[in-house]
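Just below is one structure, and these are the notes that go with it.
The values are calculated or read from the model by the stated rules, or taken from the named source; none is laboratory data. If you're wondering where the values come from, they're calculated on a predicted model, not measured in any experiment. We place every Cβ from the backbone using ideal geometry, glycine too, and count neighbours over all the protein chains shown.
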Amino acid sequence: MTAIACLRILFTDGESRPGEVPKHKAQGVADAFLKARWRKPRKCGAVAPLAFVVADTRVDQLDPTELQALAAELEKVLFPGRPIGTIALMSFEGDEQAVLKFASLSEKELMGLMAGEGYGGDAGRVHVVRADSVHPLPCTREEAKAQAAEKAAAAQPPATDPPPAAKPAPPKTAARIESPPPAAETGWWGVQDLAQGVFVGSAIGLRADLIGPVPEDDAKLLKRDLICLTDAQAALKTAAFGEIHVPFSFWNLTTPSSQDAYRGRLSRYPLDQRPRLCATVYGTPREASIGMLQQARAFLKGGFALMDVRITDPTFPIQSLSPDLVDSITLVLSGETEQARLKQILKFVERKAGYVAKGVRQAVANVTSAVELEACKVAGVARVQGPIVTDLLDKPVDGPEAAEQAKNAA
């Protein structure tokens, strides 16, 4: 059992427009609150500006009253001294795809929900949460109509003599209900060069990873990779800045049938973009054979100038790799506590001399705290990415400073 919900932050006081409060301040307050209160095994993460996904594997339904404290905190920090009523949270609880769709709803659609009109998407549990109240709302337009009909019937006076028969009204043309477009399955992490203090590119990832574990089945991993390949190709048409990092499963890269699937997508990639494309190979075993890595590099080199190997073991035997086989190795942090994650960083950088000797750049991904970021900086890690660097963005960064601007404006 797992309960998943999307949380949207709304400014509801007509006298207080969202533009009067920096969105990044509201985002920062909510992010800090959720990380402090929504502890493991529960999960939380930002998926869009002023939108968060929360999940709990221990329950079937979430308790919306838990979020009242967040509403009160936002009121206190953003509008000190004002009466309660400027901030409202809207929670939508449903299946994973419906939750991600809810994260992409426009402000107009959210206001329609708040007005009790429902929306044109999937069914779920909707609540408006304020510092002093929690109210359920109809989710779909059908639910809203049914609820309105019930209220109207309850308000009717008792029946007396039947009124004279009226002429039947002409049939009406059914109104077309526009459903919101599906939310993008992917997003982008900014990749930062620590030595220069600037962003050098973006890495595409799955939004579903913010609320659930990565699957282990090769077929599912292949499907995810193909989605990323397709979305990355589309982004190349408008994203002119920096490296573009695209994931590939190590074992799928060495399987002929999976190679055919990859090849079908890669055939669409423009050759002039090759110098900025980096293949990030994940799921690489600690004792990966040189031959298999060479095979992966040979397969990818036609479309990708750079190859990065993602590892979870900080003691990966760099000394066994031949020179010029890979350009970088990225440690993906996975410890349950900050202390455990700092130990992983320490073990990784203890082997820095071996990386320098091979001409391989060290990078760290899934950096989640300022302490982890500072540890990477002090230890001389070349590049970092993760929630403390940028949120999962809707599009690749568009300049050396753009990712920080995007995070501050979110």
Members of region 184-197 that are modelled with pLDDT of 95 or more and surrounded by fewer than 18 Cβ atoms within 10 Å (Cβ to Cβ): Asp193
If only one of Ala353, Ala340, Ala298, Ala305 is out of contact with any Ser or Thr (no Cβ under 6 Å at 6 or more places or on another chain), over 20 Å from Leu206 (Cβ atoms) and in contact (Cβ under 8 Å) with a residue 12 or more places away in the chain, which one is it? Ala305
So, in region 358-386, of the ones that are without any contact (Cβ under 8 Å) to a residue 24 or more places away in the chain and of a type outside the set (D, E, K, R), which residue ends up farthest from Ser322 (Cα to Cα)? Ala370
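Only one residue in Pro181, Pro168 is modelled with pLDDT under 80, within 30 Å of Gln385 (Cβ to Cβ) and outside the structural domain of Pro64 (by TED's automatic domain parsing). Which one?
Pro181
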Is it the case that some residue within region 60-72 is at pLDDT 85 or above, among the aliphatic types (A, V, I, L, M) and assigned to a strand (DSSP E or B)? no
Got a sec? Which of Pro387, Pro396 is in the same structural domain as Ile204 (by TED's automatic domain parsing), of a type outside the set (A, V, I, L, M) and modelled with pLDDT under 95? Pro387
So which residues in region 86-104 are over 12 Å from Leu10 (Cα atoms) and among the hydrophobic types (A, V, I, L, M, F, W, C), if there are any at all? Phe92, Ala98, Val99, Leu100, Phe102, Ala103
Test set (1) over 26 Å from Ile244 (Cβ atoms); (2) of a type in the set (D, E, K, R); (3) in contact with a strand residue (DSSP E or B) (Cβ under 6 Å, 6 or more places away or on another chain) - Arg310 fails condition number: (1)
Between a residue in region 124-149 that is closer than 30 Å to Pro83 by Cβ and any residue that is surrounded by 14 or more Cβ atoms within 10 Å (Cβ to Cβ) and of a type in the set (Phe, Trp, Tyr), which pairs come within a Cβ distance under 7 Å, given they are 6 or more apart or on different chains? Val126/Phe92
Check Ile244 against each of (1) part of a helix (DSSP H, G or I); (2) more than 30 Å from Ala5 (Cα to Cα) and name the one condition it does not meet. (1)
Failed condition for Glu216, given (1) in contact (Cβ under 8 Å) with a residue 24 or more places away in the chain; (2) surrounded by fewer than 16 Cβ atoms within 10 Å (Cβ to Cβ); (3) in a loop (DSSP other than H, G, I, E, B): (1)
Identify the single condition in (1) modelled with pLDDT of 85 or more; (2) part of a helix (DSSP H, G or I); (3) in contact with a strand residue (DSSP E or B) (Cβ under 9 Å, 6 or more places away or on another chain) that Glu75 does not satisfy, given that it satisfies every other one. (1)
Flagged in region 199-211 as out of contact with any helix residue (DSSP H, G or I) (no Cβ under 9 Å at 6 or more places or on another chain) and either part of a strand (DSSP E or B) or not assigned by TED's automatic domain parsing to the domain that holds Leu392 (or both), in numbering order, are Val200, Ala203
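Here is a check on your reading of the model: is Pro64 of a type outside the set (Asp, Glu), assigned by TED's automatic domain parsing to the domain that holds Pro136, closer than 17 Å to Leu137 by Cβ and in contact (Cβ under 8 Å) with a residue 60 or more places away in the chain?
Yes; evaluated as a whole, the condition is true for this residue.
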